[in-house]
Amino acid sequence: MSNTSELFAIAAHLHVLLRRRTGRVTDTEWLATNVEYARAIVRFTREKAAADGHVDLLPWADKLEAAIVNMGAAPRKTMLDVAAEALRAAAPPASAPPPSEEHKYVGGLR
Amino acid sequence: MPDISGPALAALDSLSAADTAWVMVSTALVLLMTLPGIGLFYGGMVRRFNVINTMASVMGIAALVSVLWFAIAYSLAFTPGGSFGGFIGGLSRAGFAGLDHLGQSGQVAVSHIAPHLPESVFAMFQLSFAVITCALVVGALVERMKFGALLAFAGLWLLLVYAPIAHWVWEPGGWLAQLGALDFAGGAVVHINAGAAALVCAYALGPRQGYGREPFLPFNLGLTMAGTGLLWVGWFGFNGGSALAADGRAGLAIAVTHIAAAAGALAWMAAEWWARKRATLLGLCSGVVAGLVAITPAAGFVGPRSALLIGVVAGFACYWGATGLKRLLRADDSLDVFGVHGVGGLVGALLTGVLADPAISGLEGSLLTQLIACVAVLAYSLVMTTVVLFIVSRFAGLRVRADDERQGLDASLHNERLGG
């Protein structure tokens, strides 16, 4: 099964389960194509599973989350991760490349 | 202790044995700074084929200055000078005349500046300062000056530049001493003076062939590090000995000397790390010297915290002096004598005016007085060094032939070469 077909299958299955267990109606096609919407539904599914005891929802939330990665989305980063990456990009390399012998000691020792 | 206004005979039992011993040890330490300290420090930084010439220059200057100091320069610097006493001393001690030790009658010659020491000890201690000051200038003129011209220059410079300035500052009748200028161990007399002279020499000689176009690889920075170590330790005698006593002030002088040296090294290293993304051995050595130079005028007047500040400021300032300022001045001051000694001396002399603690010495600093002293020494040294170089150039010419410079001065001037 291709990734797209698998994603649509998971989305459809979760759509049915959510409607039955929680009454929430989802947009299956949008769920299979939009990362942010899919993440929001994963979060909603887990919250409902925890709050109302619908543990049978959890495996499908996990499946959808795994499938999101296959949609080409990068794993979600915290603000701390983003800030640390920005700092690392701005900082000079830990070990600068050695100065060229052509320029070292030309016009001065120091 | 006799109260005298000029060199005189004193009873042997009026001397302090402890002070005498300490100043004798300090004399040896200061001489070690030049031989081999400066020889190694400079010898490591020049190119392989000019190492022997650099070391020979330091050795030759040490010998010549010693003889001239005995012959006349000590007298010009450290005796009262009569009607010209504010500017130059007299000739009463020429040839070390009167430096007697009369064991049978229980008398010994003493200087009015240190009447608790034999004058022979005081004169030798000051000789070691004259030697190192003249040797410092070598760093600006290495790799291209005729050896005979160098010696002639050093001799004349000692008599016409160093001795008068030492008299101004350190003889109690000198005009800068009368003004209240503070220079504990030679920030102005030694370092500003040598730095200014170095700058003039660099301009007068012109740049070395290939300067600014070819890399001038230092022979062995390990030698430079060894020289730095000797300078650092020797400076305990330089500054500690300048107390002219084995007392608490000498101890404090040694403590502040060490702290400033360490702070200078760290500050230079930090500046270099920030600007060039790496720390270098030569940078660390240069920072040590920068801190040592800057604490020299202040050593007997400031406490340890001030010493730390002086060292840090000197480390940053001298880094700029040896890099940014060097580019601005456009002089081939080959081993950065002005950038390190001139700038460091100015920093130390001025900060002495700000940071001097009257509780230590009873003397109060004045930034204005220090500024006057700095400008006077700088200007006199610049002008008179120019005069001395002009005189020498009329008789000997300053620069070696182009072929000799290309071949290297070790072979062309000394017919010697490094082994290995």
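Every number here is computed from the coordinates shown, using simple stated rules; none is lab data. Everything numeric in this text was worked out from a predicted model, so none of it was measured. Cβ sites come from the backbone with ideal geometry, for glycine too, and all protein chains shown count toward neighbours.
Some observations on this one:
- Close amide H pairs (under 5 Å, H built 1.01 Å from N) link B:Met145 with B:Val400, residues at least 5 positions away or on another chain.
- A Förster radius of 45 Å combined with the Cβ-Cβ distance from B:Val25 to B:Arg401 puts the calculated FRET efficiency at roughly 0.50.
- Spatially proximal lysines relative to A:Lys63 (Cα-Cα < 26 Å; intrachain offsets below 8 disregarded): A:Lys48, A:Lys77
- Counted by neighbouring Cβ atoms within 10 Å, the residues B:Ser57, B:Ser120 run from fewest to most as B:Ser120, B:Ser57.
- Considering only B:Trp170, B:Ser120, B:Ala152, and ranking their Cα positions along the charge dipole of the range B:86-207 that arises from unit charges at the beta-carbon of Lys, Arg, Asp and Glu, the one farthest toward the positive end is B:Ala152.
- Within the range A:3-90: Cβ-based charge dipole about Cα centre, in debye rounded to nearest 20 (Lys, Arg +1; Asp, Glu -1): 180
- Kirkwood Rh (inverse of mean 1/r, distinct Cα pairs), the range A:3-90, angstrom: 13.9
- Inter-probe distance in nm under a simple model that places probes 7 Å from Cα toward Cβ, at A:Arg43 and B:Ile391: 8.8
- Sites A:Val16 and A:Ala83 - FRET efficiency at Förster radius 41 Å, r taken between beta-carbons, to 0.05: 0.50
- Proximal lysines to A:Lys104, defined as alpha-carbon separation beneath 19 angstrom and excluding residues fewer than eight positions away on the same chain: B:Lys277, B:Lys326
- Translational diffusion coefficient (Stokes-Einstein; Kirkwood radius from C-alpha pairs) of the range B:66-217 at 4 °C, 1.567 mPa s, in µm²/s: 77
- For the residues B:Ala307, B:Ala204, B:Ala373, a GNM of chain B with alpha-carbon springs under 10 Å puts the largest fluctuation on B:Ala204.
- Each Cα pair under 8 Å and six or more residues apart adds its sequence gap; the mean of these over the residue count of the range B:213-323 is a relative contact order of 30 percent.
- Derived scalar couplings between HN and Hα for the range B:217-230 equal 6, x, 5, 6, 6, x, 4, 4, 5, 4, x, 4, x, 5 Hz in order, rounded to whole Hz, by the Karplus curve 6.51 cos²θ - 1.76 cosθ + 1.60 (θ = phi - 60°), x for Gly and Pro.
- Fewest-first sequence of B:Val121, A:Val25, B:Val377 by Cβ atoms within 10 Å of each Cβ: A:Val25, B:Val121, B:Val377
- Among B:Ile391, B:Ile360, sorting on how many other beta-carbon atoms sit within 10 Å of each Cβ, with the fewest leading, yields B:Ile391, B:Ile360.
- Every helix of 4 or more DSSP H residues in chain B counts as -39500 (n - 2.57), and over all residues that averages to -19000 deg cm²/dmol at 222 nm.
- Cα pair distances in the protein assembly as shown, grouped into 20 Å bins until the bin that holds the longest one, percent each: 21, 41, 14, 10, 11, 3, 0
- GNM result for chain B, Cα springs below 10 Å: residue of B:Asp404, B:Asp332, B:Asp13 fluctuating most strongly: B:Asp13
- Length gained on full extension, B:Val354 to B:Ile372, computed as 0.36 nm times the residue gap minus the Cα-Cα distance: 5.1 nm.
- The radius of gyration of the Cα set in the range B:309-420, together with its Dmax, comes out at 19.6, 60 angstrom.
- Equivalent ellipsoid of chain B: semi-axes from √(5λ) of the C-alpha gyration tensor, largest first, are 33, 25, 19 Å.
- Phi to ³J(HN,Hα) by Karplus 6.51 cos²θ - 1.76 cosθ + 1.60 over the range B:60-68, Hz, x for Gly, Pro: x, 5, 4, 5, 5, 5, 4, 5, 5
- In degrees, nearest ten, helix B:343-355 long axis to first principal axis of chain B (Cα): 40
- Virtual spin-label span in nm between B:Asp100 and B:Ala279, 7 Å along Cα→Cβ: 5.8
- Of the chymotrypsin sites (Phe, Trp or Tyr not before Pro) found in the range B:220-252, none is in coil by DSSP with at most 16 other Cβ atoms within 10 Å of its Cβ.
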